[in-house]
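**Student:** Input: one structure, supplied below.
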Amino acid sequence: MSEPAILLIEDEAQIRRLVRAALEGEGFRVLECGTLKDGLAQLHAETVQLLLLDLGLPDGDGIAFIRELRTQFPLPILVLSARSAEGEKIRALDAGADDYLTKPYSTGELLARVRAQLRRAPQEGATAETQFRFGDIGVDLAQRSVTRRGETVRLTPIEYRLLCAMLAEPGKVLTYRHLLSAVWGKAFVESNHYLRIYVSHLRQKLEDDPAQPKHFLTETGVGYRFQI
Ligand code: CA
């Protein structure tokens with residue numbers, strides 16, 4: 001079996017060259033191709049640990065491709081796209097992408113996002129985590145307990161459900177729709193203001209400085225991200 005690689009599907013040769021150089025500089029093995037068809041062939045032939053995907057490709061739409069991949073491959077998908085519209089980001093994330101970078105982005109930002117996705121990629125044979133530590137906070141899902149510097153933090157049932165939904169996918173951008181559906185149910189997917197209120201509750205209770213959150217991050221116009 002080959003060494004795990006990062007696959008880049010991007011039709012602009014110049015961008016492929018830049019991204020490859022940046023990733024190889026960090027010691028990653030990189031595969032690249034310019035079409036969805038070739039990308040799919042690589043995914044079947046190689047061990048791919050992360051997919052970097054452009055949305056505008058000559059042989060199809062990247063968002064439909066993400067949806068198709070999600071049923072076959074559990075790998076993280078980081079979208080690299082010139083499309084900056086929030087609606088496009090949301091469509092890509094709801095289709096199953098894990099994160100999104102809008103061109104132009106810096107090499108440093110790209111590498112940080114790549115590392116974040118590889119950290120959260122599920123390890124083979126790993127069991128579902130039930131204990132989390134971030135900052136001064138400890139969460140034990142089995143005990144349903146949340147502590148801060150060892151003291152119990154009281155969360156309402158909604159706050160606790162929101163916390164669990166965010167902890168379930170650290171590093172991933174979670175859309176409003178995803179979180180509303182997970183916490184309140186499908187009938188509430190348009191109620192973004194609920195999220196604003198309850199995310200602010202979590203920040204008040206769990207962040208050192210709720211005005212400058214380090215863990216419960218806003219993805220403007222798209223949703224939220226939990227960062228350990
Ligand atoms: Ca393109």
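Since every read-out is calculated from the coordinates, none of them should be taken as a lab result. Just so it is clear, the model here is predicted, and its values are computed rather than measured. Neighbour counts run over all protein chains shown; Cβ positions are idealised from the backbone, glycine included.
**Student:** What is the sum of charges around residue 148, taking Lys and Arg as +1, Asp and Glu as -1, for the other residues whose C-beta is under 15 Å from the C-beta of residue 148?
**Tutor:** On the way: positive: 133, 149, 154, 203, 205, 214; negative: 136, 140, 151, 159, 207, 208, 209.
Its environment carries a net charge of -1.
**Student:** Quick one: net charge of residue 164's neighbours, Cβ under 12 Å, K/R +1, D/E -1?
**Tutor:** On the way: positive: 144, 161; negative: 129, 140, 159, 169.
Surrounding charge for residue 164 is -2.
**Student:** Something else: Roughly how many nanometres apart are two label points built 7 Å out from the Cα toward the Cβ at residue 86 and residue 217?
**Tutor:** Spacing of the two 7 Å Cα→Cβ label points: 1.8 nm.
**Student:** Taking the Cα atoms of the chain, what is the range of coordinates along each of the three principal axes, in descending order and whole Å?
**Tutor:** 53, 36, 31
**Student:** Here's another thing I want to ask about it. So how long is each side of the range 169-228 along the principal axes, counting just the alpha-carbon atoms, biggest first, in Å?
**Tutor:** Over the range 169-228, Cα extents along the principal axes are 33, 20, 18 Å.
**Student:** Count charges around residue 112 for me, please; just the other residues with Cβ under 12 Å from its Cβ, Lys/Arg as +1, Asp/Glu as -1.
**Tutor:** Values: positive: 113, 115, 119; negative: 26, 99, 109.
So the environment of residue 112 carries a net charge of 0.
**Student:** Can you compute the FRET efficiency between residue 41 and residue 152 using 1/(1 + (r/R0)^6), with r the Cβ-Cβ distance and R0 = 45 Å? Round to the nearest 0.05.
**Tutor:** Numbers: r = 53 Å, r/R0 = 1.19.
Approximately 0.25, to the nearest 0.05.
**Student:** Follow-up question, since we're still on this one. Quickly estimate the mean residue ellipticity at 222 nm for the chain, helices only: each DSSP H run with n ≥ 4 gives -39500 (n - 2.57), and the total goes over all residues, rounded to 500. Don't skip to the end; give the middle numbers.
**Tutor:** Working: 8 runs with 90 residues, N = 228.
The helix-only estimate for the chain comes to -12000 deg cm²/dmol at 222 nm.
**Student:** Continuing with this model, one more query. What residues have an amide H closer than 5 Å to that of residue 153, excluding those fewer than 5 places away on the same chain, when H is modeled at 1.01 Å from N in the peptide plane?
**Tutor:** 146, 147, 148
**Student:** Then there's this: Using a Förster distance of 25 Å, how high is the FRET efficiency between residue 107 and residue 200, based on the Cβ-Cβ distance and rounded to 0.05? Spell out each step's value before the answer.
**Tutor:** Details: r = 34 Å, r/R0 = 1.36.
That gives a FRET efficiency of 0.15.
**Student:** Next up: For a label point 7 Å from the Cα of residue 133 along Cα→C-beta, name the residues of the range 188-215 whose backbone N is under 19 Å from it.
**Tutor:** 206-208, 214-215
**Student:** Further question: Which three extents, in whole angstrom, do the alpha-carbon atoms of the range 5-120 cover along their principal axes, largest first?
**Tutor:** 32, 31, 29
**Student:** Turning to a different aspect of this structure: Which ordering of 197, 15, 228 is given by a fewest-first count of other beta-carbon atoms within 10 Å? Could the numbers behind the result be given before it?
**Tutor:** Working: 197 11, 15 17, 228 14.
With the sparsest Cβ surroundings first, the list reads 197, 228, 15.
**Student:** Turning to a different aspect of this structure: How do 89, 172, 205, 214 line up, fewest other C-beta atoms within 10 Å first? Each step should come with its number before you reach the end.
**Tutor:** Details: 89 25, 172 21, 205 17, 214 14.
With the fewest neighbours first, 89, 172, 205, 214 line up as 214, 205, 172, 89.
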